[in-house]
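See below for the structure under consideration.
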Amino acid sequence: MLRSQSTSHLLRAVALLRLCRSDRLVDRSEEIMSTARRVLGKGMFNWTMRRTAYGHFVAGDDLPSLCRVADTLAKDNVRCMYYPHIESDEGEDDMSMDLHDQNTSIMLNAIDVAREGGMVQVKLSGIASLPMLSAWTTSMREAGMMPYSDASSLVKAAEKPGEVHGVDRDVVAAHGDSIVAIQRRLHRLAERAASRKVHVIFDAEQTYFQPAMQRLVLSVLLRWNRTDYPVAYTTVQAYLKESDDVVQGCLDVCHAEGARFATKVVRGGYMKQETRRAQDHGYENPVWPSYEKTNECYNRSVQLMIDRAAGDSAHVLVATQNKDSAELAKTRSVKMLKMETT
């Protein structure tokens, strides 16, 4: 892939990646960008960003530019993961049903643009009611319920997304319509992805939403991952203490129901927010206490998923920039999956 890049492109990449190693620069990035926008003006600021950081990290701001980048990468057998960046968080105004439907249409369009074998990443907070997700997650926590608990209800939800199964009755009374709406949206995305032979990756978010999100996505996996081609992937965050149990539990449920568990394994992106919220609300921090513990958990999840992939019952995307984890994944894949490497 590097052979097809110009010298100026590679020099820009090296310079940017070295700059991004500076914690001070990263921590003050928003302040620096705000100042630069004010000093340079909108036009010059946009011109500069397109030729530096934006040009390196972002595929494009419109469909034609996105397709050009995808065509260039395809020549080197590199597939794209399309990411319509649509999400929300607690404290923000809850989106309306109409806006959720509009956001779903944007994600359907991304699936249509993606080539066969491509990937589209989806954040549920952009297409689901946050009060519903929060209330559902709270009820699960209070009942000691994990995303993979009560497999029979998961199967029913997979078969009949127009109905609600396995949800606390008070949550159903308050948010039943919202639950049905998100179930239908998720299955609509999976159906479109299946018809286009595209993978849809449902991203992980904050712990005060994630258990409900993961349960919703698991029901999608049970319906749409019944062939050699995994349509839907969930996401596991290795910086969470419960991630070992989540991976194993989801694997077991999918295997028992004749579906393939497919997941992207990440370390996680909400560490500071999760730690601060746990302190503010007086509950145990859900995040591992150190980077080393997170790495250990990440590597366990990767090894387990590759081992199960060797048994033809799972699929895994190893999402890491850590050299040791990447080497572990490669070595394990060569050993377990009999892959060739160069």
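Rounded to the nearest 10 Å², what accessible area does V39 show when all protein chains are kept and the probe is 1.4 Å?
Only protein atoms counted, so the area is about 110 Å².
With a point put 7 Å past each Cα toward its Cβ, work out how far N77 is from D245 in nm, to one decimal.
4.2
Students often get this wrong: which residues of the range 195-232 have the backbone nitrogen under 19 Å from the point 7 angstrom along Cα-to-C-beta of A278?
So the set is 204-212.
Whenever you get a sec, line up T7, T234 from highest to lowest accessible area (probe 1.4 Å, protein heavy atoms).
So, going from the largest accessible area down, we get T7, T234.
State, as an integer percentage, the relative contact order of the chain based on alpha-carbon contacts under 8 Å between residues 6 or more apart.
12
For the chain, report the accessible area per residue in Å² (1.4 Å probe, heavy atoms, rounded to an integer).
Per residue, the chain has 54 Å² of solvent-accessible surface.
Using unit Cβ charges (K, R positive; D, E negative) and no other charged atoms, how large, in debye to the nearest 20, is the dipole of the chain about its Cα centre?
1560
Could you pull out every residue, at least 5 positions away or on a different chain, whose amide H is within less than 5 Å of the one on H315? Hs are placed 1.01 Å off N in the peptide plane, and Pro or chain starts have none.
Those lying under 5 Å, H to H, from H315 are F261, A262, T263.
Express in nm, to one decimal, how much length is gained between K293 and D61 on full extension, taking 0.36 nm for each residue of separation and deducting their alpha carbon distance.
Once the chain is fully extended between K293 and D61, it gains 79.8 nm.
What pairs in K160/K197; K197/K241; K293/K323 have C-alpha atoms more than 26 Å from each other?
K197/K241
Once you place label points 7 Å from the Cα toward the Cβ at S105 and Q321, how far apart are they in nm?
Distance between the two pseudo-spin positions: 3.5 nm.
Could you tell me the calculated FRET efficiency between R51 and A174, based on Cβ-Cβ distance and R0 = 56 angstrom, to the nearest 0.05?
The computed FRET efficiency comes out at 0.65.
Could you check how much of the accessible area of the range 13-155 is carbon and sulfur, as a whole percent, using a 1.4 Å probe?
Carbon and sulfur atoms account for 55 percent of the accessible area of the range 13-155.
Give the residue from A278, N295, L337 lying farthest towards the positive end of the charge dipole for the chain; charges sit on Cβ (+1 for Lys and Arg, -1 for Asp and Glu) and the dipole is referred to the Cα centre.
L337
Which order do you get for C250, C20, C80 if you rank them by accessible area with a 1.4 Å probe, largest at the top?
Output order, biggest surface exposure first: C20, C80, C250.
Using the beta-carbon distance between L16 and K160 and R0 = 45 Å, what value does 1/(1 + (r/R0)^6) give for FRET efficiency, to the nearest 0.05?
Step by step, r from the Cβ atoms, then E = 0.40.
Ignoring everything except DSSP H segments at least 4 long, calculate the 222 nm mean residue ellipticity for the chain; use -39,500 (n - 2.57) per segment, divide by total residues, nearest 500.
One gets -18500 deg cm²/dmol as the mean residue ellipticity at 222 nm.
Heavy atoms only, probe 1.4 angstrom, no DNA, RNA or ligands counted: give me H199, H255, H165 ranked by accessible area, highest first.
Result, largest first: H255, H165, H199.
With a 1.4 Å probe and every protein chain left in place, tell me how much accessible area S153 has, in Å² to the nearest 10.
S153 exposes around 20 Å² with every protein chain in place.
For the chain, report the translational diffusion coefficient in µm²/s to the nearest whole number, using Stokes-Einstein at 20 °C, 1.002 mPa s, and a Kirkwood Rh over Cα pairs.
99
The values are calculated or read from the model by the stated rules, or taken from the named source; none is laboratory data. Quick caveat, the model's predicted, so the values are computed rather than measured. Neighbour counts run over all protein chains shown; Cβ positions are idealised from the backbone, glycine included. Accessible surface areas use protein heavy atoms only, side chains included; no ligands, DNA or RNA. Shrake-Rupley method; radii C 1.70, N 1.55, O 1.52, S 1.80 Å.
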